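This report refers to the structure that appears directly beneath it.
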Amino acid sequence: MKRPEPFEIFQPASIQEARELHIHHGPGGYFLAGGTDLAIAIKEKGLVPRYVVDLKRIGSLSGIRENADGSLVLGALATMREVEISRVISRRFPFLSQSAGEVGSIQIRNRATIGGNIANATPSADVVPALLVLEAQVTTSTQNGEKQVPLESFFLGPGKTVMERGDILTEIIIPPASANLRGEYIKFSPREMMDLAYVGVAVALLTDGDENVCREVRIALGAVSPVPMRARKAEAVLVNRVINEESAERAGEAAASECTPISDVRASAAYRRHMVRVNTKRAILNAVCGRPGNLPWVARRERRY
Amino acid sequence: MQCVAVPAIFPGWPGERGDINKKIRITLNGQERILEVVPYRLLLDLLRDEMGMTGTKEGCGTGDCGACTVLLHGKPVNSCLVFSGELDGADIVTIEGLKIGPELHPVQDAFRQDGGAQCGYCTPGMLMMTTALLRENEQPTEEEIRFALSGNLCRCTGYAKIIQAVQRAAEMMREKKITEAKG
Ligand SMILES: Cc1cc2nc3c(=O)[nH]c(=O)nc-3n(C[C@H](O)[C@H](O)[C@H](O)COP(=O)(O)OP(=O)(O)OC[C@H]3O[C@@H](n4cnc5c(N)ncnc54)[C@H](O)[C@@H]3O)c2cc1C
Ligand code: FES
Ligand code: FES
């Protein structure tokens, strides 16, 4: 395996200092969080940074906290493992903890950060669909001060976001949500572990009464379009309808029609589309069945409907 | 305090620049050390080529196989994806630091007894990951063991004996704890 070319590493203690380092040293600098994408880019893809600015000494970027209004704030440097085992997240949004727990291995998740997953802007990023159905906002520190944007409009294309050079992603905010919200994330990949999503589907919904009439629903897809996307046509199929096999099937068809997958080493576009149909249906039906807290991983992929 | 001059074993890698070297203070296997490191050098290479600790192995170099697993601040990580320049203040434990004194660590002993190692290449990583697992979970189920070891690949054993060894290690560690508690 190739070794990195020389570069310097700075370890600023504040966001301000990190941004200044970036401005002062000019082009060719990269921010470093867990390094699980950056080190791979350097070792495998021939990226040659001139310098690297490590964000891990900036205390304000880490941690997970719940505000009095019920919103959750996840520091960009919160690791995937922290999100996976966080009590408050696994109690309120078990499908979000699960999506973090689907990333790589424990070794990877001890380093990989939620901010890095978002900033890297891979279409298959596992936490993104779950955050999209929670209508998360992201805060960035820019030259013109702090900015907040909905996660949905953060991505511009594979590897491209609204962030400009020197901008730092600081936190992810999950707005207050009903305690009755139910959700699901399905990472579809033939290997159970250590593989990227061929298709990712997240669902969050609110239903009325015992008949499972859908009051509100959000569906998001990963790995099947240039940026992770909301499947609004599929959502429209379900609103104010009873959720059952038939309506879930139709929502799955709608999702399959509105995504724009590509063929690559992992799967053909046609296969991905088909898997969007199947897994959207499955995710919807799993979500209405609910789940008792955070299920052990073996139970995660079971069909529960 | 020990100050190890670097580079010690393989001097002068191609394109090396001394001007950006960084002084770091780390705890390595319980010993405090001050090192002058090449910031972009991988922790894996720092351990193997500069500290002479060749127990940690490189399999893939890309975070997939777990052969390079070490504990960083008590948590298992892939040392092939960590840069030396990030390490000031780090607490690192490698396979060389598992055994304290003449006796094998229960995890090592269990792998030995159960044939959890064949060629042995994956073994240091497996042992570090198992140690981390058993610290968090004294009595893991087979599924929990498989989940925890999913980032550690082995091409020899077929995993059955590894899982058996982890279960035995868990048992040995629980017994040890009970004996110690009895004084
Ligand atoms: C073996 C392996 C398996 C993996 N499996 C998965 C998987 O199953 N699912 C998945 O989604 N991903 C996977 N990944 C990819 C990776 O682990 C994740 O995307 C991870 O969340 C990246 O976070 P990081 O902190 O390591 O990012 P880094 O590598 O530190 O950074 C990634 C990029 O984002 C930038 N960046 C990071 N943080 C910030 C910030 N706060 N502000 C501005 N820019 C920032 C960096 O400059 C860099 O360009 C895997 C990687 C490996 C090596
Ligand atoms: S060598 Fe580090 S994970 Fe394979
Ligand atoms: S014992 Fe040979 S790779 Fe595991």
In the structure shown, of B:23/B:99; A:43/B:23; A:2/A:56; B:23/B:75; A:2/B:57, the pairs separated by more than 18 angstrom at the C-alpha atoms are B:23/B:99; A:43/B:23; A:2/A:56; B:23/B:75
So the B/A interface buries, both sides summed and with a 1.4 Å probe, an accessible area in Å² (nearest 100) of 3100
Here the residues of region B:67-90 whose accessible area is at least 10 Å² smaller with all protein chains than in the chain alone (probe 1.4 Å) are B:72, B:75, B:76, B:77, B:78, B:81, B:82, B:83, B:85, B:86, B:88
Amide H proximity to residue B:59 below 5 Å, modelled H, separation 5+ or other chain, gives B:67, B:68
The percentage of Cα-Cα pairs in chain B separated by more than 31 Å is 21
Measuring from its Cα centre, region B:22-97 shows a charge dipole (+1 at each Lys and Arg Cβ, -1 at each Asp and Glu Cβ) which, in debye to the nearest 20, is 100
With every protein chain in place, the residues of region A:1-27 shedding 20 Å² or more of accessible area versus the chain by itself (probe 1.4 Å) are A:1, A:3, A:4, A:6, A:7, A:8, A:9, A:11
Summed over the other residues with a beta carbon less than 10 angstrom from that of residue A:52, with K and R at +1 and D and E at -1, the charge totals -2
Summing -39500 (n - 2.57) over every DSSP H run of at least 4 in chain B, dividing by its residue total and rounding to the nearest 500, the 222 nm mean residue ellipticity is -9000 deg cm²/dmol
Percent relative contact order for chain B, counting Cα pairs under 8 Å at least six residues apart, stands at 20
Square roots of five times the C-alpha gyration tensor eigenvalues of region A:182-289, ordered largest first and given in whole Å, equal 24, 14, 11
So for region A:54-149, using the alpha carbon gyration tensor with a ≥ b ≥ c as root eigenvalues (a/c under 1.5 gives rounded; past that, a/b versus b/c decides prolate or oblate), I'd call it rounded
Sorted on mean Cβ neighbours within 10 Å (highest first), peptides B:96-105, A:166-175, A:102-111 come out as A:102-111, A:166-175, B:96-105
Over chain A, with neighbouring protein chains present, the accessible area per residue in Å² at probe 1.4 Å is 41
For residue A:32, the residues 5 or more places away or on another chain with a placed amide H closer than 5 Å to its own amide H are A:53, A:54, A:55
The helix A:245-258 Cα axis meets the longest alpha-carbon principal axis of chain A at an angle in degrees, between 0 and 90 and rounded to 10, of 40
Amide H contacts under 5 Å for residue A:78, restricted to residues at least 5 apart in sequence or on another chain and with H modeled in the peptide plane, are A:63, A:114, A:115
So for R0 = 51 Å, FRET eff. of residue A:264-residue B:179 from the Cβ-Cβ r, to 0.05, ends up at 0.35
If each K or R counts +1 and each D or E counts -1, the residues other than residue A:112 whose Cβ falls under 14 Å of its Cβ total -1
If unit charges are put on Cβ atoms (+1 for Lys and Arg, -1 for Asp and Glu) and the dipole of the protein assembly as shown is taken about its Cα centre, the option from A:223, B:94, A:25 lying farthest towards the positive end turns out to be A:223
Computed over chain A, the relative contact order (Cα-Cα under 8 Å, seq sep at least six) in percent reads 14
Taking protein heavy atoms only, a 1.4 Å probe, and rounding to whole percent, the accessible area of the protein assembly as shown owed to carbon and sulfur comes out at 50
log10 I(q)/I(0) for region B:106-182, Debye formula on C-alpha points only (no solvent), q = 0.12, 0.14, 0.20 Å⁻¹, two decimals, reads -0.29, -0.39, -0.77
Taking the alpha-carbon centre of each part, the distance from region A:152-231 to region A:56-127 in Å is 13
Given the candidates A:150, A:63, A:99, the one whose Cα lies deepest towards the positive end of the charge dipole of chain A, counting +1 at each Lys or Arg C-beta and -1 at each Asp or Glu C-beta, is A:99
Neighbours of residue B:160 by Cβ distance under 15 Å: Lys/Arg at +1, Asp/Glu at -1, summed charge +1
Toy charge model, Lys and Arg Cβ at +1, Asp and Glu Cβ at -1: the protein assembly as shown dipole around Cα centroid in debye, rounded to 20, equals 580
Quick shape check on the protein assembly as shown: root eigenvalues a ≥ b ≥ c of the Cα gyration tensor, a/c under 1.5 is rounded, otherwise prolate if a/b tops b/c, else oblate, and it reads oblate
In deg cm²/dmol, rounded to the nearest 500, the helical mean residue ellipticity at 222 nm of chain A, built from -39500 (n - 2.57) for every DSSP H run of length 4 or more, is -9000 deg cm²/dmol
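The values are calculated or read from the model by the stated rules, or taken from the named source; none is laboratory data. For clarity, every value in this text was computed on a predicted model and none was experimentally measured. Every residue, glycine among them, receives a Cβ derived from its backbone with ideal geometry; neighbour counts consider all protein chains shown. In case anyone asks, the SASA skips ligands and DNA or RNA and just uses the protein heavy atoms, side chains included. Shrake-Rupley method; radii C 1.70, N 1.55, O 1.52, S 1.80 Å.
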